[in-house]
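Colleague: One structure follows; several queries about it will come next.
The values are calculated or read from the model by the stated rules, or taken from the named source; none is laboratory data. Computed from a prediction, not measured in an experiment: that's the story for all the values here.
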Amino acid sequence: MNLFVFTKYALVKLAKDRQGQDLIEYALMAGFVTLAAGAIMPGVATSISTIFSSVASVMTAASTQS
């Protein structure tokens, strides 16, 4: 199988795959709820900011690993 056929097959398969879509939607919804809670309750905003900073640093570390 040459590279072009393999790439085409992989892209078609990826376009049809919908398994991760629900997880992304739930994560976005949780993020929006968290932001709304932080806007409504300013006392919680500091804790939310700390959590988002921790998540961002973990994501950055994970993206730099090979």
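Colleague: Give the residues of the stretch 44-64 that are modelled with pLDDT under 80 and not small (Gly, Ala, Ser), sorted by residue number.
Modeller: Selection gives Val44, Thr46, Ile48.
Colleague: Any chance you could count how many residues in the stretch 17-43 are part of a helix (DSSP H, G or I) and either among the basic types (Lys, Arg) or modelled with pLDDT of 75 or more (or both)?
Modeller: Of the residues in the stretch 17-43, the ones part of a helix (DSSP H, G or I) are 21-40, 42-43.
Checking which are either among the basic types (Lys, Arg) or modelled with pLDDT of 75 or more (or both) leaves us with 24-37, 39-40, 42-43.
Total satisfying the criteria: 18.
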